[in-house]
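These notes concern the structure reproduced below.
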Amino acid sequence: MRFSVPWRYLVKRIIERIILLIVIINFLFLIIYIIPIYVAHLNPAEFYVPLSYKGLSRSTEVEAIDREFGLNQPIFVQYIDYVKNMLTFHFGYSLIYDEPVSKIILQALPVDLIILVPSLILSTVFAIGLGLFSAVRFGRLSDSINTFFAILTYFIPGFWVLIIFLQIFGFQLGLFPTNIAQALISPSGAPLHGWAYIAGLIKFSIAPIIILALLAYGVRMALTRSYGVESMGSSYVTYLRAKGIPERSVVYKHVMRNAIIPAITRTGIDFAFVIAGSVFVEDIFGFYGMGELLYRSALTFNVQILGDAFYILSLYVIVVLLVLDFIYPLIDPRVKYE
Amino acid sequence: MIEAEKISVEFKSGDRKINAVKEANITIGDGESIGLAGESGSGKTTLGKSLLALVKPKEGKVLWNGKNVFKIKGKDLKNFRRENQIIYQDPFDSIDIRMRIYDVISEGLTVQGFSKQEQREIIYSALKSVGLNPPEAYSNAFPTQLSGGQLQRVAIARSIVLNPKFIVADEPVSMLDVSIRSGILQIFQDMKEKGTSSLIISHDISTLAYVVDKIYIMYLGHVVEYGTTQQIIEKPLHPYTQALISAIPIPEPNHETEIKLVETNEPVPPKGCPLYPRCPFRKNVCLDNEPKMTEVEPGHYVSCHLY
Amino acid sequence: MNRLVNQLLHRKAFLISLVILLFFIFIASAANYLTPYKDPYTITSEQHLAAPYSIPIWARIFPQYSKYPPNTNMDLKSPLILGNGSESFNGTAYTVELKPSEYENLSFPLSWNYQYPYSFSISFIAIPHGQAAQINVLLKQQNKTYFLESFVPSADQILYTYPTCPLSMGKTNSITISSESLSSSNSPYVSTLPGNERYIASAILPQLIFKPGKYSVIISIENIGTSPLKVYIYQPKFSAVGRAYGILGTDNNGASVFAEFVLGARFDLEIAAIATLIIVGIGLIFGLVAGYVGGKVDLFLNALTDFFLTIPGLPLLITLETIFVVSGLILKIGIVPLLIAIIGGLSWMGTMKIIRSVTLSVRSRTFVEASKALGSGPFRIIRKHVLPNILGVVFAQIAYDVPVVILTESGLDFLGLGITKFPTWGNMLGYASAYTSPANGFVWWWVLPPGFAIIFLSVALYFIGSTLQDVLSPYKVRGE
Ligand SMILES: Nc1ncnc2c1ncn2[C@@H]1O[C@H](COP(=O)(O)OP(=O)(O)OP(=O)(O)O)[C@@H](O)[C@H]1O
Ligand SMILES: [Mg+2]
């Protein structure tokens, strides 16, 4: 089958996602500027100022910020500036961190991927394995138990499991380092380098990776199972069986192919939202990713960073979803262009 | 009087468009009983529903006492609904299985503002007249406890309690045993005598022949022929009608030879006659020109290049 | 209806779930009767009920906890009398009459079957009549004696080489010797301890003194004057703050975890109920309108839903809440309504999608058209036909949304971004995580109950929802 590029579909998708992005920028402008100014009668400049900065008085700072960010301009000028800045990634300078905002975000972003991406992959492996296991044993006790545990994972508060694990295995038994800083120094306290650094990182990451994977496989396991069961009952499989093809190869060749595609496409969507849900694991295991950045900004009321981090997270979601729009039709023929 | 002018109905399913009805004209005079026949999928139900403004056509209009039924609103609409009723083809789908039979039948009466006492009497007598005796036993039952035939009679009862002036009956007897059929057909006969006009839809012309005054024949959304029952049965003109009628088993030894349509996968020509691919008498003109309705004898119309 | 109830009651999963749900509803609504405490987070008198991190009483069935003491309060009785004076007991007071330089010891037996308590105290009332008396309080175990405190008239205090406390002659002295207030300046025993132990004596005294065994509390009275002395001793008591408390032990403040759990249950169920109403309300209205009206309205509502589905939820929640806090709007609205509004306002999308799709499928059924053909308007059709037919889905959705709300709200509380001022299951976990360190071990009685409660409640609701959906589904109604 020849694959033709479905231009109309792709263009439509791109336009949809761009509209979404613009709506999000407007939404952010609404909550960061309009609500404070018009509902709470606040000067947004207050958000940008640390309690003290290089000995300047607070009102001087606010004035300076007003000028710097154009916050004393009419609201529509500010709006245009804001949209422009967001689209061109000009996030300005954080007086609170004393660093450019984009640098702060760029430092946080990759930290997530060390743990979140491997755990996503691992959970997909769990999901497919356990899903097929259940599909083949559909209706039996082992299937019920397996499915029950998968459903259970929907409802287990992740942070709860993480703290229990941290307390028992980290604090009590000392099996693994309980935060990233501790993981990256040698027993004598010197920072690690090279292979030792990587080994430390891996040793630190294994626990959260496995826990996160165990907490997240449920939905995809259920997907695999239900598609697996469906294709086990399909007439094509009946036909294959009637032809005398051994059960094993029926399952592996036909059922598996049909059953794992939904789990894999779902993994893509989860990949888009994975950073957004990383707050807990980052907070509990003490590594500084986007989730932690967002969380710290919320605790310290750093609206400037909060808005920008939120924007970057949304942008990340949109970009990943857009990439998925392009990839899905290649892996799943059932996804139709419209 | 209900009059459909050039009704075209289009359905979209996915990216495919189906022309369920194409430029169909049909007139039902007061007190008249009309039959609508055609094979499965020819658009009979769709045409019947558009007469009652239950399907929105792409083009054309339906006039009820001179008013376009797709535009009426409010009180007019309510009157229109009361005076014009439909009996659906499939009672399993057209009756809400969560309601008791009594509530199924009373729904129209409630909407139309009948009091509770009035309703009770009307419903019981309607149940009796469709042969669901004793009505007390049936009215408390749930649809799932009834057979298909009984349910069909509930559907009929639901429509006749409003005492409509016009009723579309979509395959009203196809679900019923032969023994009950005549009883139901008798109901239509009685209604006709009371002056109710009706459109009775069936894929089986022989059933229609007993009850209706006129018969319309549909093929692929087109009305291809119509005339009085006698004209259609005794002198079918359109090859499709002829094929339909010759398919009826008639116990006469020296009956005319059967007319058989061609089985083919040939597509319907975009501008020509819809029957072209299957017509045993097709000519070149049929490929490019759609035939026009012509009156071959008084009251007997056909659209076919043979005439 | 009976048929439905019958079917439901025949499902084991449903019954078990129902029992679990009713259990939580019970403890939530009976919270006021189950615990006398209103808010152990802010009311300090509701804290320090026992040692911080006390284990639950029942946990003493485990060998490693078996000797943990509960809170103890006892009257000291039947003393052994030793000495050369005379003594009598009239049922309320011990009267000790001593000639000069005579002494009398009241040695109250105290059998202590536990490990050390968190703290202990000995109290009694002494009324000495005469010129001068010395009253010593000692704890004795076999051959070890702990000289806790000594009371002498203030004029005589300088005569002693060990620390003493003042005693007022002829007056009522309420004497309380509490391990927490003993120091090298008032306790002879503490002053003999080595330096480093002396400084933390108040904390470690119980550990130094108590282990399982027979003790005696000795109140020793001596006439140190030159004329006869008569001393009345009333209400001698021993009490100890235990390290095992209540059904679920205590938290870092010594507040009852059970009280927090029960109060948290009440709050969680309340917030879940209200937020779920909002979610199902929005989801139902949008879903019904989109599904039933169709066309442009559907397009718009669907796009709106997709928009909310695409923005990352938890970050949005955090951002919005912060804005409300920073801009001071939270003071006008209050944190609880704000949380409910934000969680409800950002969680209706899944419900909307599902209601929309079932509405679409019901709308295309012929019985809906039949109703229209009878003259019913849209509202009647929705009320009489669409709603009853999607009821199963609506119930199921309620059951699925409650856990989501509880999980989200608990997550925010855990992070300290939600409710922090009174107990919720979420912030119990948050505090449990913040206040436990390698030093105090795994405080399972504090950490486990809220988490298991969330899971049990959620899973129970899930099974109730899916059973309802199944039983109300058209296939079941038709008996297929
Ligand atoms: N709601 C709908 N959506 C899409 N297509 C439809 C719809 N209703 C009818 N059709 C299509 O329109 C055409 C005509 O359907 P219709 O039900 O009017 O035929 P019919 O003559 O009543 O057939 P039958 O004798 O089987 O009842 C068919 O091809 C059918 O598939
Ligand atoms: Mg039909």
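Bear in mind these aren't lab numbers, they're just calculated from the coordinates by the rules spelled out. Please read these numbers as outputs of a predicted model, since none were measured by experiment. Here Cβ is always computed from backbone atoms with ideal geometry, including for glycine, and neighbour counts include all displayed protein chains.
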Quiz item: To the nearest 10 degrees, how steep is helix A:75-87 against the longest Cα principal axis of chain A, on a 0 to 90 scale?
Solution: 50
Quiz prompt | Between region B:31-92 and region C:331-362, the alpha-carbon center distance in angstrom | solution = 41
Quiz item: Using the alpha-carbon atoms, what tilt in degrees (0 to 90, nearest 10) does helix B:148-160 show relative to the longest principal axis of chain B?
Solution: 80
Quiz prompt | Extended-chain gain in nm, criterion 0.36 nm per residue less alpha-carbon gap, C:Ser174 and C:Gln64 | solution = 35.8 nm
Self-check item: Principal axis dimensions, region B:162-307 - Cα atoms, whole angstrom, descending
Solution: 50, 36, 30
Exercise. Filter the cross-link list C:Lys67/C:Lys140; C:Lys296/C:Lys332; C:Lys171/C:Lys214 down to pairs whose alpha-carbon distance in this structure exceeds 26 Å.
Key: C:Lys296/C:Lys332; C:Lys171/C:Lys214
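In the neighborhood of A:His254, defined by Cβ-to-Cβ distances under 13 Å, what is the net charge if each Lys or Arg adds +1 and each Asp or Glu adds -1?
Summing Lys and Arg as +1 and Asp and Glu as -1 gives +3.
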Quiz item: Once you list every other residue whose beta carbon is under 14 Å from the beta carbon of C:Thr276, what net charge do they have if Lys and Arg are +1 and Asp and Glu are -1?
Solution: -4
Quiz item: Of all GluC sites (Glu not before Pro) in region C:82-189, which ones are in loop regions per DSSP and have a Cβ with at most 15 other Cβ atoms within 10 Å?
Solution: C:Glu180
Self-check item: Where no second cysteine Cβ lies under 4.7 Å, the cysteines concerned in chain B
Solution: B:Cys279, B:Cys304
Quiz prompt | Two-decimal ratio, the protein assembly as shown, of alpha-carbon radius of gyration to 2.2 N^0.38 Å | solution = 1.34
Quiz item: Once both axes come from the Cα atoms, what is the angle between helix C:313-326 and the longest principal axis of chain C, in degrees from 0 to 90, rounded to 10?
Solution: 60
Quiz item: Which whole-Hz couplings ³J(HN,Hα) result when phi for each residue of region A:265-274 is put into the Karplus expression 6.51 cos²θ - 1.76 cosθ + 1.60, θ = phi - 60°, listed in order with x for Gly and Pro?
Solution: 5, 5, 4, x, 5, 4, 4, 5, 9, 5
Quiz prompt | Other protein chain Cβ atoms within 10 Å, averaged over every residue that makes up B:87-97 | solution = 5
Exercise. Determine, at each q value in 0.17 (inverse angstroms), the log₁₀ of I(q)/I(0) that the Debye formula gives when each Cα of region B:2-220 is one equal point scatterer.
Key: -1.26
Quiz item: How large is ³J(HN,Hα), in whole Hz, for each residue of region C:279-286 in order, when computed from phi with the Karplus curve 6.51 cos²θ - 1.76 cosθ + 1.60 and θ = phi - 60°, using x for Gly and Pro?
Solution: 4, 5, x, 4, x, 5, 5, 4
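Filter B:Lys67/B:Lys292; B:Lys61/C:Lys353; B:Lys192/B:Lys214 down to the pairs with a C-alpha to C-alpha distance above 24 Å, please.
Table pairs above 24 Å Cα-Cα are B:Lys67/B:Lys292; B:Lys61/C:Lys353.
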Self-check item: Extent along principal axes [Cα atoms of region C:72-241; Å; largest to smallest]
Solution: 42, 35, 27
Quiz item: So what's the back-of-envelope 222 nm ellipticity for chain A, counting only DSSP H runs of four-plus at -39500 (n - 2.57) apiece and dividing by all residues, rounded to 500?
Solution: -22000 deg cm²/dmol
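Using a 10 Å cut-off around each Cβ of peptide C:328-341, what is the average number of partner chain Cβ atoms that fall inside?
Mean partner shielding for this stretch: 1.
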Self-check item: Neighbourhood charge, 12 Å Cβ-Cβ cut-off, centred on C:Pro236 and excluding it, Lys, Arg +1 and Asp, Glu -1
Solution: +1
Quiz item: Over chain C, what is the percentage of antiparallel beta bridges among all DSSP beta bridges, to the nearest 5?
Solution: 90
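Averaged over C:303-312, how many beta carbons belonging to a partner chain fall within 10 Å of each residue's beta carbon?
5
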Practice problem: Express the Stokes-Einstein translational diffusion coefficient of region A:103-300 in µm² s⁻¹, to the nearest whole number, given a Kirkwood radius over alpha-carbon pairs, 20 °C and a viscosity of 1.002 mPa s. | Solution: 114
Quiz item: Considering only DSSP states other than H, G, I, E and B, which trypsin sites (Lys or Arg not before Pro) in region B:188-241 qualify as loop sites with at most 12 other Cβ atoms within 10 Å?
Solution: B:Lys194
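For region C:163-287, compute the orientation-averaged projected area of the C-alpha convex hull (one quarter of its surface), in nm².
So the mean shadow area of the Cα hull is 14.7 nm².
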Quiz item: Using θ = phi - 60° and the Karplus form 6.51 cos²θ - 1.76 cosθ + 1.60, what ³J(HN,Hα) does each residue of region A:12-20 get, whole Hz, x for Gly and Pro?
Solution: 4, 4, 4, 4, 4, 5, 5, 4, 4
Quiz item: Separation between the C:Lys12 and A:Gln73 pseudo-spin-labels, each 7 Å from Cα along Cα→Cβ, expressed in nm?
Solution: 6.9
Self-check item: C:Ser111-A:Val323 pseudo-label distance in nm [points 7 Å out on the Cα-to-Cβ vector]
Solution: 7.4
